[in-house]
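Visitor: Quick one: the structure is below, and I'll ask about it shortly.
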Amino acid sequence: MTITDRFARPRVAVLGATGCVGRQVCAAFAAADYEVIAVARRFAPQIAGYRYRSLDVGGADVPRLAHMLTAERVRAVVNATGGWGSTEQEMTYSHVGLVKRLVEAVAEVPQRPRLVHVGTIHEYGPVAPGTVIDEDTAPAPTTMYARTKLAGSEEVLRATAAGDVDGVVLRVVNVFGPHPSPASFLGALSAKLRTVSPGQELELSIAEARRDYVDARDAAEAVLRAAHAGVTGEVINIGRGSAVDLRELVYGLVEAAGLDAGAVRELGAQVTSKGGDWTLSSTGKARELLGWQAAVPVAESVRAMLGALPVSA
């Protein structure tokens, strides 16, 4: 293979490639005939079909990261990293320091790749029930998770405003669908349901919440479209545009697992959340700038949460 053949297909570097959204982003770009460079701290089976680069982006120095992106001749960089750490230090490392290094590294790459940064709807902070969150909503986060995610997004926006980076920020609503994060409520519940036998009682604390959810595959399609969109420095919300009752999703999962709803015994304990109890995203800007809207039905996303998990012995 000649050097020309090697770089004939466009290349994308996906940071956080092994995560819930990252693995779907890899699949979406591969389906669009990109060569995918999966960047993660540790190898995982789900990225076996892609070129793998082992790198802790949060701890890597800027020259090393810039050299990797330059050597790979990437046309686009997707930051799908993130963490659900329990301390300010962990959150800052994952959501702020990492993004700052990435932005500085991308700015040093001669071929100027497109940067798509995956943020979160929770950067806007809690809003009153019934509120439709659009991109003009002033961010006012109150949790460590949301504050640090906002700080990371602002690093990208500052760099684009200065002309150092060609980037865009996607603020994605709560994600569900295949391979849910085990750190999320629905992900943990999906894993737990695979261990419950018919007739066994299941004790759950369910928040009184209505939230906008998007399938990870739909989110990945939005990332792919953002990589090609002719917009820079924009914030675009990515959501279904409907607020789903969390209790409805829980019982949908129970039914999909083949269990009777009567097996659930709801506990009255207080439920904490890293996001808000109400989220409803405006979808207009995503349709206008990306030609994107959610396509996977909620019922399919619910079934996929269980279908993607290994069956417990």
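Visitor: Being modelled with pLDDT of 95 or more, open to solvent by less than 30 Å² (accessible area, probe 1.4 Å) and either farther than 13 Å from residue 276 by Cα or not small (Gly, Ala, Ser) (or both) is true for just one of 127, 116, 132. Which residue is that?
Guide: Just one listed residue meets the conditions, 116.
Visitor: Can you name the helices (runs of 4 or more DSSP H) wholly within the range 194-305 that have at least 3 residues being closer than 23 Å to residue 181 by Cα and either in contact with a Phe, Trp or Tyr (Cβ under 6 Å, 6 or more places away or on another chain) or open to solvent by 20 Å² or more (accessible area, probe 1.4 Å) (or both)?
Guide: Fully inside the range 194-305 and qualifying: 216-228, 246-256.
Visitor: Name every residue in the range 155-205 that is out of contact with any strand residue (DSSP E or B) (no Cβ under 8 Å at 6 or more places or on another chain) and β-branched (Val, Ile, Thr), in order of residue number.
Guide: Within the range 155-205, just 195 meets the criteria.
The values are calculated or read from the model by the stated rules, or taken from the named source; none is laboratory data. Since the model is a prediction, treat every value here as computed from it, not as a measurement. When we count neighbours, we look across all protein chains shown, and the Cβ atoms used for this are built from the backbone with ideal geometry, even at glycine. Remember, those area values only see protein heavy atoms, side chains included, never the ligands or the DNA or RNA. Shrake-Rupley method; radii C 1.70, N 1.55, O 1.52, S 1.80 Å.
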